[in-house]
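Written out below as structure tokens is the structure these notes cover.
The values are calculated or read from the model by the stated rules, or taken from the named source; none is laboratory data. All values reported here derive from a predicted model rather than from experimental measurement. Because the Cβ atoms are built from the backbone with ideal geometry, glycine has one as well, and the counts that use them run over all protein chains shown. Side chains are part of the model used for accessible areas, which takes the heavy atoms of the whole protein and leaves out ligands, DNA and RNA. Shrake-Rupley method; radii C 1.70, N 1.55, O 1.52, S 1.80 Å.
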Amino acid sequence: MIPKVVVLDYGSGNLRSAQRALERVGADVTVTADADAALDCDGLVVPGVGAFAACMSGLRAVGGDKLIAQRLERGRPVLGICVGMQVLFAASAEPGRSGGAVSPGENCTWTEGCGAWPGTVERLDAGVLPHMGWNTVAGAPGSVLFAGIEPGTRFYFVHSYALREASAAELAAAGARISWTEHGERFAAAAEQGGLSATQFHPEKSGDAGAALLANWLGAL
């Protein structure tokens, strides 16, 4: 049976790229903001590019935050991509001045996220930002997303913010499987817990490796 997937259209993200990548691995894909379609489909994909605050504004405008919560309450799968991963966390902290990662007490702007996962997304402490290009990912033990994908496989990243290792303790304690990579510091490249999965990288831009990961997700629907 062909899985039915909705790519949530809330004004942000590589919608058509995600659609084509999912169709490539066998999904029946609809790009829409329709609530009924988003709730009833086999899998909901939440893409995202750009600023966290703008993505959250667009997401709330179409009721996307509530749709995600309702699907998770029902045990229905959701996949976040790039900023679509970041918005799943409790909040994002953007420094009030230019510079590296946010430090305790630093002047910053806080934006509330969907709160599906605990943790705060922060600017990476890296010499070069954005983190743009191919990087290896260490798949978590027991990961569904990375099943059958060779260690050292590269995926495509474009971002400056992520869930840093120091902020991931509560998520790990809650039982999430976290896959890691490094750019200046270690951060979560992907996370999986129950029906909720997300990648900081772009599987739709990651060639055969991204296709394999999306096929793994579809296979678990």
Can you tell which of GLY133, GLY148, GLY142, GLY194 is touching a residue at least 24 places away in the same chain (Cβ under 8 Å), farther than 21 Å from VAL45 by Cα and out of contact with any strand residue (DSSP E or B) (no Cβ under 8 Å at 6 or more places or on another chain)?
GLY148
If ARG76 passes every condition in (1) surrounded by fewer than 19 Cβ atoms within 10 Å (Cβ to Cβ); (2) over 13 Å from the mean Cα position of the chain (by Cα); (3) touching a residue at least 12 places away in the same chain (Cβ under 8 Å) but one, which one does it miss?
(1)
When you check ARG71 against the structure, is it among the basic types (Lys, Arg), buried (at least 16 other Cβ atoms within 10 Å of the Cβ), at pLDDT 95 or above and not in a loop (DSSP other than H, G, I, E, B), yes or no?
yes
From the options TRP110, TRP180, residue that is in a strand (DSSP E or B) and in contact (Cβ under 8 Å) with a residue 24 or more places away in the chain
TRP180
I'm checking my understanding of the structure. Among residues of segment 203-213 that are assigned to a helix (DSSP H, G or I) and within 13 Å of SER17 (Cα to Cα), which one is nearest to the chain's Cα centre (by Cα)?
PRO203
Please specify each residue of segment 59-68 satisfying the condition of being buried (at least 20 other Cβ atoms within 10 Å of the Cβ) and not charged (D, E, K, R).
LEU59, GLY64, LEU67, ILE68
Looking at segment 200-221, is at least one residue surrounded by fewer than 18 Cβ atoms within 10 Å (Cβ to Cβ) and touching a Phe, Trp or Tyr at 6+ places or on another chain (Cβ under 7 Å)?
no
Quick one: in segment 89-146, which of the residues that are open to solvent by 40 Å² or more (accessible area, probe 1.4 Å), farther than 19 Å from ALA189 by Cα and touching a Ser or Thr at 6+ places or on another chain (Cβ under 8 Å) is modelled with the lowest pLDDT?
GLY96
Does segment 159-167 contain any residue that is open to solvent by 10 Å² or more (accessible area, probe 1.4 Å) and under 13 Å from the mean Cα position of the chain (by Cα)?
yes
Meets criteria (touching a residue at least 12 places away in the same chain (Cβ under 8 Å) and closer than 13 Å to THR199 by Cβ) for MET56
no
